[in-house]
Amino acid sequence: DFSKAMSQAGPSQFQEVIRQELEYSMKVELDKILATASSNELEHTKKDLEGFKKLFHRFLQEKGPSVDWGKIQRPPEDSIQPYEKIKARGLPDNIASVLNKLVVVKLNGGLGTSMGCKGPKSLIGVRNENTFLDLTVQQIEHLNKSYNTDVPLVLMNSFNTDDDTKKILQKYSHSRVKIYTFNQSRYPRINKETLLPIAKDVSYSGENTECWYPPGHGDIYASFYNSGLLDNLIAEGKEYIFVSNIDNLGATVDLYILNHLMNPPNGKRCEFVMEVTNKTRADVKGGTLTQYENKLRLVEIAQVPKAHVDEFKSVSKFKIFNTNNLWIALSAIKRLQEKNAIDMEIIVNPKTLDGGLNVIQLETAVGAAIKSFENSLGINVPRSRFLPVKTTSDLLLVMSNLYSLNAGSLTMSEKREFPTVPLVKLGSSFTKVQDYLRRFESIPDMLELDHLTVSGDVTFGKNVSLKGTVIIIANHGDRIDIPAGALLENKIVSGNLRILDH
């Protein structure tokens with residue numbers, strides 16, 4: 001009696017049968033895709049699909065991303081060190097020999113689509129015609145020239161950014177920075193209903209571009225290892241990587257943190273350091289470091305049970321968040337990768353494609369691996385080390401006179417009287433970089449600005465000064481032109497304003 005047997009089997013065995021069927025169907029589909037690979041694509045496609053299969057297996061096994069809220073504890077006092085304490089140790093005389101053990105890795109897989117740009121985000125101009133990539137190369141070149149060292153730059157590209165990035169790298173061929181690239185994996189997007197891949201073959205051009213995705217920056221460990229670059233750098237005597245997002249303009253090489261890693265005060269080296277910084281109201285969604293089952297652990301908002309989300313966002317209980325500036329020992333990555341022991345929670349990212357199809361992407365985050373490493377540490381760094389440019393509102397800040405540019409590094413202008421940046425909210429007319437640039441004849445003076453909100457069809461003339469709180473709202477169908485040389489201090493401008501020269 002089958003139905004009787006099934007009813008006695010209980011839900012868990014029934015689920016197990018379904019899981020096995022889903023896994024089998026997925027394997028069949030992936031084999032079909034692999035069969036379409038040419039001989040020179042076969043090896044890396046096979047590696048990609050193997051990695052994806054492991055992730056899919058875990059996705060089916062795990063009961064959702066939630067952490068057990070009752071097990072979350074505040075990290076022990078010494079597990080998150082204040083940056084001042086690390087800086088107070090000073091620097092050794094032989095800082096060059098310490099620098100020669102370092103590799104800078106930038107996460108360069110993202111496109112500029114959220115800012116209305118085609119191509120890699122790293123090629124968007126951010127300051128005096130310099131792109132994110134230009135500034136990164138200038139910073140490392142300055143370091144190598146100042147200390148007579150050989151710190152290389154490694155870019156983790158995705159299949160979306162690889163070709164365009166490689167073309168542009170030729171312009172740095174005479175700079176004093178060795179630049180290497182490797183590609184993160186390419187995984188198939190899954191149909192949300194059937195849980196099968198939407199790709200039918202390996203191609204990812206033309207109409208197939210939407211079938212594939214780069215699986216988040218947690219993929220760095222496997223891709224870096226598989227590329228062979230990890231082993232080459234270890235063979236060259238490199239010991240640590242400094243990893244950060246290429247759009248975080250505050251993520252420069254910090255000699256004090258590097259020295260702390262290479263010459264630890266207690267003689268025991270950290271395998272993983274995460275730079276965290278104090279939350280403001282703008283960062284309530286950022287992942288935070290907690291103590292969980294006797295390990296430092298990164299908890300992201302997606303893992304928090306719904307009933308505790310407000311508590312997670314509280315600035316008083318969880319005071320810090322992850323900047324995604326990470327320092328990791330190369331030998332530890334190799335060891336853990338070979339043991340298959342890097343454990344990162346799966347992030348399920350739902351997307352709706354242009355045609356309306358609902359898909360999911362399975363991703364991981366690089367910082368989530370902190371619990372797999374030995375002797376991990378958080379360092380609470382100044383806010384200046386977290387300067388991400390995700391929107392044109394961020395772009396306005398870094399293009400303005402709030403910052404001065406020196407050897408590729410942006411530092412807060414000494415003329416700014418308080419250390420925090422103004423809160424800037426530009427409306428939807430400014431979302432795309434080309435529209436944003438068209439609306440500013442020159443970037444306003446913002447040294448004394450606290451808050452700027454702009455909404456609707458607004459343009460700024462040359463040499464405008466903004467101070468205090470400025471709110472400019474053009475109603476639908478109206479237009480506001482802020483005239484050249486205007487000073488707006490604690491002003492609300494609304495309605496329709498066009499000041500014309502007589």
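The values are calculated or read from the model by the stated rules, or taken from the named source; none is laboratory data. As the structure is a computational prediction, the values presented were derived from the model and not from experiment. Heads up, the Cβs are rebuilt from the backbone with ideal geometry, glycines too, and the neighbour counts pull from every protein chain shown. Calculation scope for accessible area: heavy atoms of the full protein, side chains included, ligands and nucleic acids excluded. Shrake-Rupley method; radii C 1.70, N 1.55, O 1.52, S 1.80 Å.
For segment 92-121, how many residues are in contact (Cβ under 8 Å) with a residue 60 or more places away in the chain, closer than 26 Å to Pro264 by Cβ and part of a helix (DSSP H, G or I)?
Summing the residues that are in contact (Cβ under 8 Å) with a residue 60 or more places away in the chain, closer than 26 Å to Pro264 by Cβ and part of a helix (DSSP H, G or I) in segment 92-121 gives 3.
Any idea which residue in segment 203-247 is most open to solvent (accessible area, probe 1.4 Å), counting only those that are of a type in the set (Gly, Ala, Ser), in a helix (DSSP H, G or I) and touching a residue at least 24 places away in the same chain (Cβ under 8 Å)? Please lay out each step first, then the result.
Of all residues in segment 203-247, those of a type in the set (Gly, Ala, Ser) come to 203, 205-206, 216, 218, 222-223, 227-228, 235, 237, 244.
Add one more test, that the residue is in a helix (DSSP H, G or I), and what stays is 206, 218, 222-223, 235.
Of the ones still in play, those that are also touching a residue at least 24 places away in the same chain (Cβ under 8 Å) are 218, 222-223.
Numbers: Gly218: 3, Ala222: 31, Ser223: 7 Å².
My answer is Ala222.
Got a sec? Which of Ile370, Ile333 is open to solvent by less than 20 Å² (accessible area, probe 1.4 Å), assigned by the TED database to the domain that holds Ser114 and among the aliphatic types (A, V, I, L, M)?
Of the residues listed, the single one that is open to solvent by less than 20 Å² (accessible area, probe 1.4 Å), assigned by the TED database to the domain that holds Ser114 and among the aliphatic types (A, V, I, L, M) is Ile333.
Leu195 fails exactly one of the following numbered conditions: (1) among the hydrophobic types (A, V, I, L, M, F, W, C); (2) open to solvent by 20 Å² or more (accessible area, probe 1.4 Å); (3) part of a helix (DSSP H, G or I). What is the number of that condition?
The failed condition is (3).
How many residues does segment 71-91 hold that are over 14 Å from Asn375 (Cα atoms) and not in a helix (DSSP H, G or I)?
8
Residues being surrounded by 15 or more Cβ atoms within 10 Å (Cβ to Cβ), within 17 Å of the chain's Cα centre (by Cα) and either in a loop (DSSP other than H, G, I, E, B) or β-branched (Val, Ile, Thr) (or both): count how many of those fall in segment 280-293. Can you show your working first?
If we filter segment 280-293 for residues that are surrounded by 15 or more Cβ atoms within 10 Å (Cβ to Cβ), which is where we start, we get 283-284, 286-292.
Then drop every residue that is not within 17 Å of the chain's Cα centre (by Cα), which leaves 283-284, 286-289.
Applying the additional criterion that residues be either in a loop (DSSP other than H, G, I, E, B) or β-branched (Val, Ile, Thr) (or both) yields 284, 286-288.
Residues that pass the stated criteria total 4.
Among the residues of segment 41-61, which ones are more than 19 Å from Ala199 (Cβ to Cβ) and loosely packed, with under 12 Cβ neighbours inside 10 Å?
Across segment 41-61, the qualifying residue is only Gln61.
Quick one: Tyr436 ticks every box in (1) touching a residue at least 40 places away in the same chain (Cβ under 8 Å); (2) part of a loop (DSSP other than H, G, I, E, B); (3) of a type outside the set (Val, Ile, Thr) except a single one, so which number is it?
Of the numbered conditions (1) touching a residue at least 40 places away in the same chain (Cβ under 8 Å); (2) part of a loop (DSSP other than H, G, I, E, B); (3) of a type outside the set (Val, Ile, Thr), the odd one out for Tyr436 is (2).
With the requirement that a residue be of a type in the set (A, V, I, L, M) and open to solvent by 20 Å² or more (accessible area, probe 1.4 Å), what does segment 294-319 give you? Lay out the reasoning, then the answer.
We begin by selecting, within segment 294-319, every residue of a type in the set (A, V, I, L, M); these are 296, 298-299, 301-302, 304, 307, 309, 315.
Across segment 294-319, the qualifying residues are Ile301, Ala302, Ala307, Val309, Val315.
Any idea which of (1) at pLDDT 95 or above; (2) farther than 25 Å from Ser114 by Cα; (3) touching a helix residue (DSSP H, G or I) at 6+ places or on another chain (Cβ under 9 Å) is the one Met412 doesn't satisfy?
(1)
From the list Thr136, Thr181, pick out the single residue that is assigned to a helix (DSSP H, G or I) and at pLDDT 95 or above.
Values: Thr181 fails: assigned to a helix (DSSP H, G or I).
Going through Thr136, Thr181 in turn, just one is assigned to a helix (DSSP H, G or I) and at pLDDT 95 or above: Thr136.
Taking segment 340-357 as the search range and keeping residues that are of a type in the set (S, T, N, Q) and open to solvent by 70 Å² or more (accessible area, probe 1.4 Å), which one is farthest from the chain's Cα centre (by Cα)?
Applying the first criterion (of a type in the set (S, T, N, Q)) to segment 340-357 yields 340, 349, 352.
Then keep just the ones that are open to solvent by 70 Å² or more (accessible area, probe 1.4 Å); that gives 340, 352.
Values: Asn340: 24, Thr352: 22 Å.
Across segment 340-357, the extreme among qualifying residues is Asn340.
Which of (1) in contact with a strand residue (DSSP E or B) (Cβ under 7 Å, 6 or more places away or on another chain); (2) farther than 21 Å from Phe224 by Cβ; (3) at pLDDT 95 or above is the odd one out, the single condition Ala88 does not satisfy?
That leaves (1) as the condition not met.
Which residue pairs have Cβ atoms under 8 Å apart, sit 6 or more places apart or on different chains, and have a first residue in segment 40-56 that is within 16 Å of Val28 (Cβ to Cβ) and a second that is of a type in the set (Asp, Glu)?
Phe56/Glu23
Would you call Ile328 in a strand (DSSP E or B), touching a strand residue (DSSP E or B) at 6+ places or on another chain (Cβ under 7 Å) and among the hydrophobic types (A, V, I, L, M, F, W, C)? Explain how you work it out, then say what you get.
Numbers: in a strand (DSSP E or B): yes; touching a strand residue (DSSP E or B) at 6+ places or on another chain (Cβ under 7 Å): yes; among the hydrophobic types (A, V, I, L, M, F, W, C): yes.
Against the criterion (in a strand (DSSP E or B), touching a strand residue (DSSP E or B) at 6+ places or on another chain (Cβ under 7 Å) and among the hydrophobic types (A, V, I, L, M, F, W, C)), Ile328 qualifies.
Among the residues of segment 373-425, what is the count of those that are in contact (Cβ under 8 Å) with a residue 12 or more places away in the chain and either in contact with a Cys (Cβ under 7 Å, 6 or more places away or on another chain) or in a loop (DSSP other than H, G, I, E, B) (or both)?
Of the residues in segment 373-425, 25 are in contact (Cβ under 8 Å) with a residue 12 or more places away in the chain and either in contact with a Cys (Cβ under 7 Å, 6 or more places away or on another chain) or in a loop (DSSP other than H, G, I, E, B) (or both).
Do we have any residue at all in segment 482-494 that's touching a Phe, Trp or Tyr at 6+ places or on another chain (Cβ under 8 Å), assigned to a strand (DSSP E or B), polar (S, T, N, Q) and at pLDDT 90 or above?
Kept after step one, since they are touching a Phe, Trp or Tyr at 6+ places or on another chain (Cβ under 8 Å), are these residues of segment 482-494: 482.
In the following step, the residues that additionally are assigned to a strand (DSSP E or B) were identified as 482.
Then keep just the ones that are polar (S, T, N, Q); that gives none.
No, there is no match, as no residue in segment 482-494 is touching a Phe, Trp or Tyr at 6+ places or on another chain (Cβ under 8 Å), assigned to a strand (DSSP E or B), polar (S, T, N, Q) and at pLDDT 90 or above.
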